[in-house]
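Down below is the structure, laid out as structure tokens.
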Amino acid sequence: MKNFLMSAMALTAVLVIPNVASADDVADRSQAIALCRAEVTAQAGEGASVRLDQVQVRPRTVRVDFDLWRNNRLQNVRCDVTRARGQELTIASITPALQTASIAR
């Protein structure tokens, strides 16, 4: 019984502590998605559809992958967002570089 109780307490500690430590991850993830989606949409231009693919949260970086649909073609876009201690999230890179086509009339 004593071993069971100790195992249960250890398991509870393992499950609870990461959730407390990752409380800011949820806010960072949401903010990074919104920031990247706005920038990718602006760079892709009209008629483009941007859909979230996946998000990876790392200690100082949030990596957001999107599926970009333009002209019935799929393009995978990766946006890396970083934050220095105590500062706002900023876009470090968008890969591949997106360019809107301008049509001269």
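The values are calculated or read from the model by the stated rules, or taken from the named source; none is laboratory data. If you're wondering where the values come from, they're calculated on a predicted model, not measured in any experiment. No Cβ is skipped: glycine too gets one built from the backbone with ideal geometry, and neighbour counts run over all protein chains shown. Areas reflect the complete protein model, heavy atoms only, side chains present, ligands, DNA and RNA absent. Shrake-Rupley method; radii C 1.70, N 1.55, O 1.52, S 1.80 Å.
When the solvent-accessible area of region 23-85 is split by element, carbon and sulfur atoms take up 43 percent of it, the probe being 1.4 Å. Just to confirm the filter: which GluC sites (Glu not before Pro) across region 21-89 are DSSP coil and have at most 13 other Cβ within 10 angstrom of their Cβ? Answer by residue number: GLU46, GLU88.
Taking a point 7 Å from the Cα of GLN31 along the Cα-to-Cβ direction, the residues of region 78-95 with backbone N closer than 17 Å to it are 80-93. A full extension of the chain between GLN43 and GLU88 corresponds to an added length of 14.1 nm, given 0.36 nm per residue minus the alpha carbon distance.
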